[in-house]
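Colleague: Mind having a look at this structure? Questions to follow.
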């Protein structure tokens, strides 16, 4: 990440803050308060189990010109589905697309948010919900509240951010030509 920080600082006025040993929503809310008190236009969230961030990814997020934009990544568990989702019935479906696309749900692997966004939301901005015996999920509630005010995040499919040991190349190798079409159909069934 140091290389990413250095390359971005040559082009953007950035300040980096790392939160350790805090409950996720508390850390996210504290970061937003620091951000709102500063003279910045965007806040960038980076998950600690993603790697390979590049200045080109940062440029892509900024060029999306959206309240929220995020780089594509995959789940770290087989079958390694995209972590960018659209509403499908009462749930969500992962999608594989190209370019900039509206989505309904994602995490915060490399997610850029405009300052104006937080003036549209009530505090606390990030709220934990319990899911799969873990009580630190903040993304579902956050993006649900964005949807209620008509804001959809923009998925940036131009790049793929590695997640733990899962890279675009690994995912491609796992999917033969025979299963690729079936995989894409399954991913995009909600589109």
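Colleague: How big is the C-alpha Rg of the stretch 78-151 next to the rule-of-thumb value 2.2 N^0.38 Å, as a ratio?
Modeller: 1.16
Colleague: Among 137, 50, 163, which one shows the highest mean-square fluctuation when the chain is modelled as a Gaussian network with alpha-carbon springs under 10 Å?
Modeller: Highest fluctuation of the listed residues: 137.
Colleague: Quick one: Kirkwood hydrodynamic radius for the stretch 39-107, alpha-carbon pairs, angstrom, one decimal?
Modeller: It is 13.5 Å.
Colleague: Which order do 116, 139, 49 fall in if you start with the one that has the fewest other Cβ atoms within 10 Å?
Modeller: 116, 49, 139
Colleague: Sort the following peptides by mean Cβ neighbour count (other Cβ atoms within 10 Å, averaged over residues), highest first: 73-86, 143-156, 33-46.
Modeller: 73-86, 143-156, 33-46
Colleague: Which translational diffusion coefficient, to the nearest whole µm²/s, is obtained for the stretch 2-187 from the Stokes-Einstein equation, given a Kirkwood hydrodynamic radius over C-alpha pairs, 37 °C and 0.692 mPa s? Could you put the intermediate results ahead of the total?
Modeller: Working: Rh = 17.3 Å.
This corresponds to a translational diffusion coefficient of 190 µm²/s.
Colleague: With axes computed from alpha carbons, what is the tilt in degrees of helix 177-187 against the longest principal axis of the chain, rounded to the nearest 10 within 0 to 90?
Modeller: With both axes taken from Cα atoms, the answer is about 50 degrees.
Colleague: Of the candidates 172, 63, 29, which one comes out as most mobile in a Gaussian network treatment of the chain with C-alpha springs shorter than 10 Å?
Modeller: 172
Colleague: As I understand it, the value is the acute angle between the Cα axis of helix 24-37 and the longest principal axis of the Cα atoms of the chain; what does it come to in degrees, rounded to 10?
Modeller: Computed tilt is about 50 degrees.
Colleague: Sticking with this structure for a sec: To the nearest 500 deg cm²/dmol, what mean residue ellipticity at 222 nm is calculated for the chain from DSSP H runs of n ≥ 4 alone, each contributing -39,500 (n - 2.57), summed and divided by the residues?
Modeller: On the way: 7 runs with 63 residues, N = 191.
That calculation yields -9500 deg cm²/dmol at 222 nm.
Colleague: Give the angle, between 0 and 90 degrees and rounded to the nearest 10, that separates the Cα long axis of helix 139-148 from the longest principal axis of the Cα atoms of the chain.
Modeller: Here the helix axis deviates by roughly 80 degrees.
Colleague: Kirkwood Rh over alpha-carbon pairs of the stretch 1-92, then Stokes-Einstein at 20 °C and 1.002 mPa s: what D in µm² s⁻¹, rounded to an integer?
Modeller: 139 µm²/s
Colleague: Tell me, what is the percent relative contact order of the chain, built from C-alpha pairs under 8 Å that lie six or more residues apart?
Modeller: RCO, the chain: 29 percent.
Taken together, the values in this text are just the output of simple stated rules run on the coordinates, not laboratory data. Remember, it's a predicted structure, so these values are computed and weren't measured experimentally. Here the Cβ is made from the backbone with ideal geometry for all residues, glycine too, and neighbour counts use every protein chain on show.
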